[in-house]
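FYI, it's all coordinate maths here, none of it is from the lab. Since the model is a prediction, treat every value here as computed from it, not as a measurement. Glycine gets a Cβ as well: all are built from the backbone with ideal geometry, and neighbour counts include every protein chain shown.
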Amino acid sequence: IKNGRGRIRLGDTLWRVSGPDLPVGAQVRVTGAADTDLELTVEAI
């Protein structure tokens, strides 16, 4: 996640995400979802 926005692969689906800046490969926890935008909110674990 860079500048608060990014993408994450969960299973075979690529999701748009928002959250704190994180490096590629960081483990995250999904903390929310907006079904209309297919967007997840994540935090580092």
Quiz prompt | Residue satisfying condition, being exposed (fewer than 11 other Cβ atoms within 10 Å of the Cβ), charged (D, E, K, R) and without any contact (Cβ under 8 Å) to a residue 40 or more places away in the chain, within set ARG16, ARG9, ARG5 | solution = ARG9
Quiz prompt | Matching residues in region 19-45 - criterion: being exposed (fewer than 13 other Cβ atoms within 10 Å of the Cβ), of a type outside the set (A, V, I, L, M) and assigned to a loop (DSSP other than H, G, I, E, B) | solution = PRO20, ASP21, PRO23, GLY25, GLN27, ASP35, THR36, ASP37
